[in-house]
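In what follows, a structure is listed as structure tokens, so that the remarks can point back to it.
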Amino acid sequence: MTDFIQNCIDGVMIGSSYALLAIGFTIVFGVLRRLNLAYGPSIMLGAFVGTLLYVQFQAQILAVALVTVIGAVLAGMYVERLCFWAIRRGAALASMVSSFAIWMQLEEIAVIILPERTYPFPALTDLAPLEIGPYFLRSEHLTMFVVAVVLVIVVHAVLYRTRFGLAVRAVSENPDAARFMGINIDAVMFWAFAMVSAIGGIAGFLILATDQQVTPYFGLWATFKGLIAMMLGGMGSLPGAILGGLILGIVETQSLWYLGNDYKDLSAYFLLFLILIIRPGGIFGHAMSEREREALRRV
Amino acid sequence: MLTVDNVVTSYGMIKALKGVNLTAESGKVTCLLGPNGAGKTTLMFTIAGILRAQAGTITFDDTDLTQFSPVKIVEHGISLVPENRLVFPMMTVRENLETGAYLRVGKNRSAIADDVERMFARFPRLEEISTQLAGTLSGGEQQMLAIGRALMARPRILLMDEPSLGLAPLIVKDIFRIIEELNQAGVTIFLVEQNARMALRVAGHFYLLERGRITFSGSPGELEEEEVIHRAYLGSRRE
């Protein structure tokens, strides 16, 4: 039982970073109604620039963090201009395919910057794990969790308390009507993308600082985790993304402990498979509140 | 005064508007009637800047709007109540109203709050349901909300695209009563309708649009109501 609870604690901590990745996917999906497969790779590219700074110039951890986030945002803007702004509405598939092409491109750029497979990434802290009764809490995990909670609160505040958030929600619900209100849809999409890339950059930095290494495959990894977490929770739903991320984290740590490393990812895919059969829209895709379902039906 | 001068708008190869001329005078209700596919909504979208006119000009109080972006057109005091209402279903009634004032949001919070109160005074029903999600409202309530939302932009002219569409006859009466009241309060209205009978009651001037062309311009009463209704629903018979 102690093991189980310990796994749950670890799972929630790790899952909080998955939740951030899923939020990135879900906001872009909500606003653009399209998937951005290059989301993970653009984070990876940011992290590679940060690593370059660390490996070549022994940069401070904060500088690495800053460069990682800025790099991810710039890469994200590049992806937005090429795959989403240039390809107009209605061509969702073209956007997705081109975001896949850009993914390959970003990976190549990363390999040119740093040609070896694996590079060290600076650790966030060297503090000893916190002991709470029989349980341990890694300080990196705790940082990850706290930052994730803060970011979720910030994202919520931005969406529900600011002018930009009003525009993002309006565009998500009905882009045509948003245009009639004088909302500049292109600008909203661009800045939503930038915001989401910053969130991804922070999440990526926290994950890599915990792993203390980075490879070009981090892009693939981040896209997978974010997509799975989003689909578990329900596409386009913010609470869904958070719940999906946490569930994915817990399932992974549990199966790692009880079934071994080989079954860790397999269990996650199996869970996704089950959820998609039982609730094809994801957990929150169908479990919308009664009034929200009613709201959609009438329109 | 809104002036549409010889406007041509196409979808690809198909010309939807083949040189439309009309004016909507300030302080009046001007009505555009016509059957499905005549180009009524196309004209609305062209005025609102969503579609680009290939030829002709659209001017409003001496400002040429023809090349303006939709954002700039809203800034110039032209607000659209879209066909099918298009309220934001997952936002509350109050939030929907706030999106109407989007261009002013963040600049003057108290003025927007005052405007929301003014909308509630004009549409008391909206105040009762201000915290409900817009998607849960009835069709008539949604139409009221869509009108309120457009008014939140403090427009100098209100474009209304088929406000009676899909509403029960009693509710349609309510909506037209609102249009009359708004007009008495000084709002300039350009109304596109298929419900000719109701529209002729509120219109100061009306136009018939058939197959992309204006085929009649005049005051209600100049043309027999039966003929207007016939042409508004079915178009003129081909000779």
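Calculated from DSSP H runs of 4 or more alone, at -39500 (n - 2.57) each and per residue, what is the 222 nm mean residue ellipticity of chain A, nearest 500? Don't jump to the answer; show the numbers that get you there.
Working: 13 runs with 222 residues, N = 299.
Helix-only estimate at 222 nm: -25000 deg cm²/dmol.
Between the stretch A:29-63 and the stretch A:179-204, how many Å separate their Cα centres?
Computed from Cα coordinates, the inter-centre distance equals 17 Å.
How far apart, in nanometres, would the label points at A:A157 and B:T63 be if each is projected 7 angstrom from Cα along the Cα-to-Cβ direction?
3.6 nm
Just to be sure I understand: of the beta bridges DSSP finds with both ends in the protein assembly as shown, what percent are antiparallel, rounded to 5? Spell out each step's value before the answer.
Numbers: 26 of 44 bridges.
About 60 percent, rounded to the nearest 5.
Using θ = phi - 60° and the Karplus form 6.51 cos²θ - 1.76 cosθ + 1.60, what ³J(HN,Hα) does each residue of the stretch A:171-186 get, whole Hz, x for Gly and Pro?
Each residue's phi maps through the Karplus curve to give 5, 4, 7, 6, x, 5, 4, 4, 5, 5, 7, x, 8, 7, 4, 4 Hz.
Non-local amide H neighbours of B:G19 (under 5 Å, H modeled in plane, Pro and chain starts lacking H): which ones?
Here the answer is B:V7, B:V8, B:T9, since their amide H atoms fall under 5 Å of that of B:G19.
In the full protein assembly as shown, how much of B:R213 is accessible to a 1.4 Å probe, in Å² to the nearest 10?
Its heavy atoms expose roughly 130 Å² to the probe.
Could you order the peptides A:10-20, A:168-178, A:265-275 from most to least packed, using the average number of other C-beta atoms within 10 Å per residue? The partial results should precede the final answer.
Details: A:10-20: 26.1, A:168-178: 21.5, A:265-275: 15.5.
Descending packing order for the listed peptides: A:10-20, A:168-178, A:265-275.
Check which residues have an amide H placed less than 5 Å from A:V214's amide H, if you skip close sequence neighbours.
Amide H neighbours of A:V214, under 5 Å, 5+ apart: A:Y119, A:F121.
Suppose accessible area is computed on protein heavy atoms with a 1.4 Å probe; arrange B:T63, B:T131 from highest to lowest. Please report the intermediate quantities before stating the final value.
On the way: B:T63 40, B:T131 100 Å².
Most to least solvent-accessible, the answer reads B:T131, B:T63.
Would you mind telling me the antiparallel percentage of the DSSP bridges in chain B, rounded to 5? Present the calculation step by step, with values, prior to reporting the outcome.
Working: 21 of 39 bridges.
Percent antiparallel among DSSP bridges in chain B is about 55.
Could you give the radius of gyration (one decimal) and Dmax (whole number) of the Cα atoms in the protein assembly as shown, in Å?
27.8, 93
Given R₀ = 35 Å, what would the calculated FRET efficiency be for B:E75 paired with B:L170, taking r from the Cβ atoms and rounding to 0.05? All intermediate terms of the calculation are to be shown ahead of the outcome.
Values: r = 37 Å, r/R0 = 1.05.
E(calc), rounded to 0.05, equals 0.45.
Using per-residue counts of other Cβ atoms within 10 Å, averaged over each peptide, order A:22-31, A:71-80 from highest down. Mind dumping the intermediate values first?
On the way: A:22-31: 26.1, A:71-80: 24.0.
Per-residue Cβ counts within 10 Å, averaged per peptide and sorted highest first, yield A:22-31, A:71-80.
Please give the peptides A:41-48, A:204-211, B:229-236 ranked by average Cβ packing (other Cβ atoms within 10 Å per residue), highest first, as a rough proxy for protection.
Working: A:41-48: 31.0, A:204-211: 23.9, B:229-236: 17.0.
Answer by packing, highest mean first, reads A:41-48, A:204-211, B:229-236.
³J(HN,Hα) across the stretch A:190-200 via Karplus (A = 6.51, B = -1.76, C = 1.60, θ = phi - 60°), whole Hz, x for Gly/Pro?
Coupling constants for the stretch A:190-200: 4, 6, 4, 4, 4, 4, 5, 5, 5, 4, x Hz.
So what are the three principal axis dimensions of the stretch A:150-264 from its Cα atoms, in whole Å, longest to shortest?
55, 26, 24
Any residues in the stretch B:124-148 that have 50 Å² or more less accessible area with all protein chains than in their chain alone, probe 1.4 Å, and which are they?
B:L133, B:T136
Once phi is turned into ³J(HN,Hα) by the Karplus curve 6.51 cos²θ - 1.76 cosθ + 1.60 with θ = phi - 60°, what whole-Hz value does each residue of the stretch B:98-103 show in order, with x for glycine and proline?
In residue order, the calculated couplings are 5, 4, x, 9, 3, 5 Hz.
Testing the spin-label approximation: label points 7 Å from Cα along Cα→Cβ at A:L220 and A:R117. State their distance in nm.
Placing both labels 7 Å beyond Cα along the Cβ direction yields 1.2 nm.
Once neighbouring chains are kept in place and the probe is 1.4 Å, which whole percent of the accessible area of chain B is contributed by carbon and sulfur?
Working: 5010 of 10300 Å².
After summing per-atom areas, the C and S share lands at 49 percent.
Would you mind getting the accessible area per residue of the protein assembly as shown, heavy atoms of the protein chains only, 1.4 Å probe, in Å²?
Using a 1.4 Å probe on heavy atoms only, each residue of the protein assembly as shown averages 44 Å².
Can you give the mean number of other chain Cβ atoms that lie within 10 Å of the Cβ atoms in peptide B:93-105? Could you put the intermediate results ahead of the total?
On the way: counts 0, 0, 4, 4, 0, 4, 12, 3, 3, 9, 4, 2, 6.
Per residue, the average neighbour count from other chains is 4.
Determine the calculated [θ] at 222 nm for chain B from helices alone, applying -39500 (n - 2.57) to every DSSP H run no shorter than 4 residues and normalising by the residue count; nearest 500 deg cm²/dmol. Working shown, then result.
Values: 9 runs with 87 residues, N = 239.
It comes out at -10500 deg cm²/dmol, rounded to the nearest 500.
Answer rounded, prolate or oblate for the stretch B:34-142, using the Cα gyration tensor with square roots of eigenvalues a ≥ b ≥ c: rounded when a/c is under 1.5, else prolate when a/b is larger than b/c, else oblate. Can you show the working numbers first?
Details: a/c = 2.66, a/b = 1.51, b/c = 1.76.
Cα axes put the stretch B:34-142 in the oblate bin.
Quick one: grab the alpha carbon gyration tensor of the stretch B:1-86, order the square roots of its eigenvalues as a ≥ b ≥ c, and give me rounded if a/c is under 1.5, else prolate or oblate depending on whether a/b is larger than b/c.
Numbers: a/c = 1.32, a/b = 1.20, b/c = 1.09.
Note, shape of the stretch B:1-86 comes out rounded.
Dipole of the stretch A:2-291 (Lys/Arg Cβ +1, Asp/Glu Cβ -1, origin at the Cα centre): which of A:G76, A:I113, A:L266 lies farthest to the positive side?
A:G76
Would you mind classifying the stretch A:2-291 by shape? Square roots of the alpha carbon gyration tensor eigenvalues, ordered a ≥ b ≥ c; an a/c under 1.5 is rounded, otherwise it is prolate if a/b is larger than b/c and oblate if not. Each step should come with its number before you reach the end.
On the way: a/c = 1.63, a/b = 1.20, b/c = 1.36.
Note, shape of the stretch A:2-291 comes out oblate.
Report, as an integer, the average count of C-beta atoms from other chains found within 10 Å of each Cβ along A:163-171. Please report the intermediate quantities before stating the final value.
On the way: counts 7, 2, 0, 9, 3, 0, 5, 7, 1.
Partner-chain Cβ atoms within 10 Å, mean over residues of A:163-171: 4.
Partner chain Cβ atoms within 10 Å, averaged over the residues of B:150-156 - can you pull that number for me?
Details: counts 2, 0, 1, 3, 0, 0, 0.
Going residue by residue through B:150-156 and averaging, the value is 1.
How large is the convex hull of the C-alpha atoms of chain B per residue, in Å³? Intermediate values should be presented prior to the final figure.
Details: hull volume 30.0 nm³, N = 239.
Residue-normalised Cα hull volume stands at 125 Å³.
With a 1.4 Å probe, what is the total accessible area buried between chains A and B, in Å² rounded to the nearest 100?
Values: alone 14960 and 11570 Å², together 23890 Å².
In total, this chain pair buries about 2600 Å².
If amide H atoms are built 1.01 Å from N in the plane of the peptide, which residues on other chains or at least 5 residues away come under 5 Å of the amide H of B:L51?
Sorted by chain and number, the residues that satisfy this are B:T46.
Along each of its three principal axes, how wide is the spread of alpha-carbon positions in the stretch A:125-205, in whole angstrom units, largest first?
58, 21, 16
Would you work out what percent of the accessible area of chain A, with all protein chains in place, is carbon or sulfur (probe 1.4 Å)? It would help to have the intermediate numbers written out before the result.
Details: 9310 of 13590 Å².
The computed percentage sits at 68.
The values are calculated or read from the model by the stated rules, or taken from the named source; none is laboratory data. The shown structure was predicted, so the numbers you read here are calculated from the model rather than taken from an experiment. Here Cβ is always computed from backbone atoms with ideal geometry, including for glycine, and neighbour counts include all displayed protein chains. With ligands, DNA and RNA removed, areas are computed over all heavy atoms of the protein, side chains included. Shrake-Rupley method; radii C 1.70, N 1.55, O 1.52, S 1.80 Å.
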